[in-house]
Amino acid sequence: MTPIGYVECRQRYRYEAARQASIAPDNEAWIRLDDDSDLRAGLRGLDDFERIWVIYELHLNETWHPLVEPPRESTGKLGVFATRSPHRPNRIGLSCVSLFSIDGGILYIGQHDLLDGTPVLDIKPYLPYADAFPSARAGWVDACEEQIYELDLSAVRTQIEWVAAYAGWDLENFLAVQLRSDPTDAKRKRIVETKAGYRIAFRTWRVDYRLAGAAPRIEVL
């Protein structure tokens with residue numbers, strides 16, 4: 001297969017990508033199609049859809065694993081085909097993302113789990129009547145209750161904006177992805193406990209935070 005275009009976004013590393021596009025933060029990306037009049041013609045009518053399927057290559061993966069451990073406690077290892085793990089025999093990814101607009105051969109999208117440079121293989125419209133089955137059984141996922149944490153960034157908004165402007169890192173997206181659930185899981189994440197709470201590492205940066213109040217809430221310090 002030959003890619004028809006590539007993703008452009010601020011997320012570059014695996015740990016910046018959400019586990020699913022539907023639970024991703026309000027991030028943005030662009031799909032820039034190759035300079036081909038036939039590809040641009042193929043987009044006709046797509047801008048009327050609110051969501052699209054993006055089929056792409058998981059280009060950072062070199063090996064696959066028949067057994068993987070999902071990011072849930074007490075599940076143990078499961079077969080890769082029973083999970084959404086990116087470590088698959090064929091490096092094919094599938095994400096349902098928001099479509100904001102189309103300009104020529106460029107698609108402006110949001111709420112995605114893609115990485116910069118991802119090769120795009122195909123694009124299809126999302127059809128609610130054909131693609132959504134809310135009552136379908138979801139195996140081991142149904143048995144796992146996941147606590148979701150609210151993220152309070154009010155004390156560090158200026159710092160986050162500075163890092164974005166001068167270092168080019170999207171710390172807000174990273175924190176939303178990593179601390180949305182299991183914010184103390186040092187086994188899977190670069191987290192250490194501190195006197196004030198916890199610290200998570202992102203490249204050469206460190207972010208301190210604490211669990212605040214009785215509700216599932218995280219205050220970034």
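Seen from Trp64, the other residues with C-beta closer than 10 Å to its C-beta sum to a net charge of +1, counting Lys and Arg as +1 and Asp and Glu as -1.
Stretching Val192 away from Asp26 to a fully extended chain increases their span by 57.1 nm, per 0.36 nm per residue minus the current alpha-carbon distance. Taking H placed 1.01 Å from N in the peptide plane, check which residues at least 5 places from Leu121 or on another chain put their amide H under 5 Å from its amide H. Residues meeting the criterion, in which the H sits 1.01 Å from N, are Ile4, Ile55, Tyr56, Glu57. Positive contributions from Lys and Arg (+1) and negative ones from Asp and Glu (-1), summed over other residues with Cβ under 15 Å from the Cβ of Arg190, come out at +2.
Other residues with beta-carbon under 14 Å from the beta-carbon of Ala130 carry, at +1 per Lys or Arg and -1 per Asp or Glu, a net charge of +1. Of the trypsin sites (Lys or Arg not before Pro) found in the stretch 1-110, those in coil by DSSP whose Cβ has at most 13 other Cβ atoms within 10 Å are Arg44, Lys77.
Phi angles across the stretch 56-70 convert, under the Karplus curve 6.51 cos²θ - 1.76 cosθ + 1.60 with θ = phi - 60°, into 3J(HN,Hα) values of 8, 9, 7, 6, 8, 8, 10, 10, 10, 10, x, 10, 9, 10, x Hz, Gly and Pro given as x.
Considering only Asp26, Asp34, Asp131, the mean-square fluctuation computed in a Gaussian network model of the chain, springs between alpha carbons under 10 angstrom, is largest for Asp131.
Each Lys and Arg adds +1 at its Cβ and each Asp and Glu adds -1 at its Cβ; summed about the Cα centre, the stretch 21-63 shows a dipole of about 100 debye. The charge dipole of the stretch 125-221, taken about its Cα centre with unit charges on the Cβ atoms of Lys, Arg (+1), Asp and Glu (-1) only, comes to about 460 debye.
Length gained on full extension, Asp152 to Arg19: 45.8 nm, using 0.36 nm per residue less the C-alpha separation. Here the Gaussian network model covers the chain, with springs between Cα atoms less than 10 Å apart; of Pro183, Pro134, Pro89, Pro134 fluctuates the most. Using the Karplus relation 6.51 cos²θ - 1.76 cosθ + 1.60 with θ = phi - 60°, the per-residue 3J(HN,Hα) values for the stretch 76-82 come to x, 7, 10, x, 4, 6, 9 Hz, with x marking Gly and Pro. Taking every DSSP helix (H) stretch of at least 4 residues in the chain, weighting each as -39,500 (n - 2.57) and dividing the sum by the residue count yields a mean residue ellipticity at 222 nm of -3500 deg cm²/dmol. Computed from label points 7 Å out along Cα-Cβ, the spacing between Ala165 and Ser181 is 3.6 nm. Across the stretch 1-122, the relative contact order, built from alpha-carbon pairs under 8 Å that are at least six residues apart, equals 45 percent. Take the stretch 59-217 with all the other protein chains still there, run a 1.4 Å probe, and you get 61 Å² of accessible area per residue.
Taking every alpha-carbon pair under 8 Å whose residues sit at least 6 apart, the chain reaches a relative contact order of 25 percent.
Couplings 3J(HN,Hα) for the stretch 156-164, derived from phi with the Karplus relation 6.51 cos²θ - 1.76 cosθ + 1.60 (θ = phi - 60°), are 10, 4, 5, 5, 4, 5, 5, 4, 5 Hz, where x marks Gly and Pro.
Ligands, DNA and RNA left out, the 1.4 Å accessible surface of the chain is 50% carbon and sulfur atoms.
For a straight C-alpha distance cut-off of 27 angstrom, the lysines reachable from Lys187 (same-chain residues fewer than eight places away being disregarded) are Lys77, Lys195. Dipole check for the stretch 1-135: with +1 at the C-beta of Lys and Arg, -1 at the C-beta of Asp and Glu, and the Cα centre as origin, the magnitude is about 560 Debye.
The values are calculated or read from the model by the stated rules, or taken from the named source; none is laboratory data. Computed from a predicted model, the values in this text were never measured in an experiment. Every residue, glycine among them, receives a Cβ derived from its backbone with ideal geometry; neighbour counts consider all protein chains shown. Just so you know, the surface numbers come from the protein's heavy atoms only, side chains and all, with ligands and any DNA or RNA stripped out. Shrake-Rupley method; radii C 1.70, N 1.55, O 1.52, S 1.80 Å.
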